[in-house]
1. On the basis of being modelled with pLDDT of 95 or more and surrounded by fewer than 16 Cβ atoms within 10 Å (Cβ to Cβ), does residue A:36 make the cut?
2. Residues being touching a residue at least 24 places away in the same chain (Cβ under 8 Å) and not in a helix (DSSP H, G or I): count how many of those fall in the stretch A:8-37.
3. Considering only residues of the stretch B:54-95 that are in a loop (DSSP other than H, G, I, E, B) and in contact with a strand residue (DSSP E or B) (Cβ under 9 Å, 6 or more places away or on another chain), which is surrounded by the fewest Cβ atoms within 10 Å (Cβ to Cβ)?
4. Have a look at A:430, A:456, A:460 and point out the one that is within 16 Å of the chain's Cα centre (by Cα) and touching a residue at least 60 places away in the same chain (Cβ under 8 Å).
5. Taking the criterion of being on the phi > 0 side of the Ramachandran plot and out of contact with any helix residue (DSSP H, G or I) (no Cβ under 9 Å at 6 or more places or on another chain), would at least one residue in the stretch A:471-494 satisfy it?
6. Only one of these is assigned to a strand (DSSP E or B) and in contact with a strand residue (DSSP E or B) (Cβ under 8 Å, 6 or more places away or on another chain): A:443, A:462. Name it.
7. Which one of these is crowded, with 18+ Cβ neighbours inside 10 Å and touching a residue at least 40 places away in the same chain (Cβ under 8 Å): A:84, A:106?
């Protein structure tokens, strides 16, 4: 069998349209790889073999009939946070172990309509709360680059699946870094879009004012292709934004210009290079900055003075919204229900106590506390004010200093070892120190691989102004045109 | 900010979470540590800054007040833990 798994989505799309391969062949190839490798990686919670083969056959009919788009027939892994009609949607929680959604999320509908072939649902931190994929009810996911290390989280299954090329591309969701941090730790290109660009309908809610879905891909070009299909107005999501969208792939500059980034101003924030950043990551990012200068970009030192408040503000806003969102899991209408409840209070408490894992309970309790009578002003209101300070920091840089893109590390270290941080929630929270401010401000940002450190991937983060996804992807694409880090595959999965 | 044993019990009750007695000390520690972390927000100089509820400060969109959803009662009841005669079943609420 040809090594289809070493090809990007853009390349596979070309192969499908030129009839060099069928979607059924591709789908079988990736299903075989899942069967061969995933027992160890644990990146999928559910594999949908039959549905995938049926969808692939339908995609082949569309391609034959000349009714195909660029993603028709491309296999895909869906994070198990998106509701899929007729297929279990667990959110990696015991609470939803038995939950079969009665409808599709809008993103699932859109990708199905594009003709994509869902291979299955990927593992994740329970209800997307975690940064290492170790809070999953279905067990941890392992990082394909080193099986003793975490893939990051919460979209750890999606990242591990694409890193091991068990799927050519995947969806993720990002509330505080859950697309970018696992993309960084697994050597992938992951994009969190502007808040409101991708519909949240049918995406199980964690913190509604922060959650966004986006692609986890092998390249900026692939991320552009998937973003095109994901983005768009949805009347079913009250925060969805109705605006004209660019052609993201067409916005990638493929000209012969050797200085394609002349005129682009890249801001380098001093706060993202302080204590806590490992030397290896620091040096890899510094080398990438030098590469950007060679591409013609101008780099300017900037400051985001309220960065230190991002993690504290997040751990008020996110738990507060989580405690409210997760109040729907009551043991009555769907999900886990305890045995032999004596009264309604007992039913609620034991169903929730048994159904949720420790980290989810912890965050629900933090949220309950900060929203309780007498504490609202001190915590939640203060956090919402600090959120504006953080947002204003970015506004000053983008609008005041005419910076196009902010560049820094995605995570302070490379992938850490399993169980390294499970006993210390705060140490875990700090692995999202560079990603959280972006969610609080609602900005788009991506992570892409740069030079690895000791065989482990390093992620570079690019943050853009609102709705600047096309430019962000192009800035990443220019780097990927002159480097090959994004084409590296862990040796055990290259064959 | 250090939480007492009874604080954790009260929060767990408000959150409708059954927490066993031997789990409480661990939650006491981790919740206290998290509250100490978020306590740093007090140091931020927010002056006259307005709280931010939405990243783009857009207003809630309204739609015409007409029925737009089909009746899916049977499909929703099918995934309920216990239902009967088109109703959700819960333990007796009124004696």
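1. Spelling it out, residue A:36 is indeed modelled with pLDDT of 95 or more and surrounded by fewer than 16 Cβ atoms within 10 Å (Cβ to Cβ).
2. Looking only at that region, the number is 3.
3. The residue in question is B:89.
4. A:460
5. Quick first cut of the stretch A:471-494, residues on the phi > 0 side of the Ramachandran plot only: none.
No, every residue in the stretch A:471-494 fails to be on the phi > 0 side of the Ramachandran plot and out of contact with any helix residue (DSSP H, G or I) (no Cβ under 9 Å at 6 or more places or on another chain).
6. Just a single option satisfies the conditions, and that option is A:462.
7. A:106
Here is a yes/no grid of residues against (1) touching a helix residue (DSSP H, G or I) at 6+ places or on another chain (Cβ under 7 Å); (2) in a helix (DSSP H, G or I); (3) at the interface with chain A (Cβ under 7 Å from one of its Cβ atoms); (4) more than 23 Å from residue A:377 (Cα to Cα):
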residue	(1), (2), (3), (4)
B:12	yes, yes, yes, no
B:18	yes, no, yes, yes
B:29	no, yes, no, yes
B:33	yes, yes, yes, no
B:49	yes, no, yes, no
B:52	yes, no, yes, no
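The values are calculated or read from the model by the stated rules, or taken from the named source; none is laboratory data. All values derive from a computational prediction rather than experimental measurement. With ideal geometry, Cβ positions are generated from the backbone for all residues, glycine too; neighbour counts draw on all protein chains shown.
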